Amino acid sequence: MSASGQQRQMTASEVRARKGGTPLVCLTAYTTPVARLVDAECDIVLVGDSVGMVLHGLPSTLGVTMEMMVLHGQAVARGLSRALMVIDMPFGSYEEGPEQAFRNAARLMAETGAGAVKLEGGIAMADTIRFLTARSIPVMAHVGLTPQAINTLGGYKVQGRGEDAHRVLADARAVADAGAFAVVLEKVPAALADRITAEVPVPTIGIGASAGCDGQVLVVDDMLGLFTDFKPKFVRRYAELGHAAGAAIAAYAEEVRARRFPGPGHVFGEAP
Ligand code: KIV
């Protein structure tokens, strides 16, 4: 609660302070109604660039634009009152260098009201993260499987197996040293995720990582069973809303064809 008694939104510093505490709950959202639903239970709501695949039918996140992120960020902000809103920087909006990243991060925050940005990359992004955080932009980092890099990673593979663990560990250390307030660990072996969680001073948010992380994130449409094109191993479906929606649409179509909808209660008479 704020001094005025109003509920206020969680801040990046409060998320940072949850290191080693009660696990942080994070889901994505891309629209106002879903933002309202997840705000009730989540500490962090991520306007992920997964929006491109989940809502726009793109084959990867590479085609997501700043304009898409601004539009979905504004919609999500209207539905939040307590969770920290973090917004993804889309592919091509930050990799050129710190100045480009600052310009686009500042635009995302100013135009959507997000409390932080997320960007993908480890050691290679450390200078950019340092530049942003020194200029009042809280940054959530993202290492391990970074979907914007599928063309160089060679697909959506587990990262950090065997000798490669050193690379992912070094990435996580570098982004924490650079000032990130939290780091997403995507698709890394559980033992490595536990080691990173023990070694870095900021919360780790796992997705396909380990129950030992400081928090968890899932794509909301995955866990609700609304996105059914494919199901990564790390997704647990907590509902099958896609099936329920399909059945509802079929029932509607059948009633329209049989002239059972609209019924007497859905139409208007002459007198009010
Ligand atoms: O874009 C996204 O939704 C993400 C999460 C899966 C971490 O980056």
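If you restrict to DSSP beta bridges whose two residues both lie in the range 113-244, what percentage is antiparallel, to the nearest 5?
If we restrict to bridges inside the range 113-244, about 5 percent are antiparallel.
Would you mind telling me the antiparallel percentage of the DSSP bridges in the chain, rounded to 5? Display every interim value, and only then the final one.
Values: 1 of 30 bridges.
The antiparallel fraction comes to roughly 5 percent.
Quick one: pull the percent of accessible area on the range 12-223 belonging to carbon and sulfur, 1.4 Å probe, ligands and nucleic acids left out.
For the range 12-223, the apolar C and S fraction of the accessible surface comes to 57 percent.
Accessible area per residue for the chain in Å², computed with a 1.4 Å probe and the full protein assembly in place, what is it?
I get 49 Å² per residue for this part.
For the range 108-147, what does the alpha-carbon gyration tensor say about shape, rounded, prolate or oblate, given a ≥ b ≥ c as the root eigenvalues, a/c under 1.5 as rounded, and a/b over b/c as prolate? Write down the numbers at each step before the final one.
Working: a/c = 3.08, a/b = 1.44, b/c = 2.14.
Oblate, because a/c is 1.5 or more while a/b does not exceed b/c.
What do you get for Rg/Rh over the range 140-192 if you use C-alpha atoms and the Kirkwood form of Rh?
0.95
Using per-residue counts of other Cβ atoms within 10 Å, averaged over each peptide, order 194-204, 225-235 from highest down. Don't jump to the answer; show the numbers that get you there.
Working: 194-204: 20.2, 225-235: 14.0.
Listed from highest to lowest mean packing, they are 194-204, 225-235.
Report, to two decimal places, the Cα Rg of the range 12-223 normalised by 2.2 N^0.38 Å (N = number of residues).
Scaled against compact globular proteins, the figure is 0.92.
If DNA, RNA and ligands are ignored and the probe is 1.4 Å, what is the ranking of VAL220, VAL25 by accessible area, most exposed first?
VAL25, VAL220
Please work out the C-alpha center-to-center distance from the range 44-120 to the range 164-190 and express it in whole Å.
For the range 44-120 versus the range 164-190, the Cα centre distance is 21 Å.
Kindly give Rg over Rh for the range 137-272, based on alpha-carbon atoms, with the Kirkwood expression for the hydrodynamic radius. All intermediate terms of the calculation are to be shown ahead of the outcome.
Working: Rg = 22.9 Å, Rh = 17.9 Å.
Radius of gyration over Kirkwood radius for the range 137-272 works out to 1.28.
The values are calculated or read from the model by the stated rules, or taken from the named source; none is laboratory data. Worth saying up front: this structure is predicted, and the values here are computed from it rather than measured. FYI the Cβ positions are ideal-geometry reconstructions off the backbone, even for glycines, and counts take in every protein chain you see. Ligands, DNA and RNA are excluded from the accessible area calculation, which covers all protein heavy atoms including side chains. Shrake-Rupley method; radii C 1.70, N 1.55, O 1.52, S 1.80 Å.
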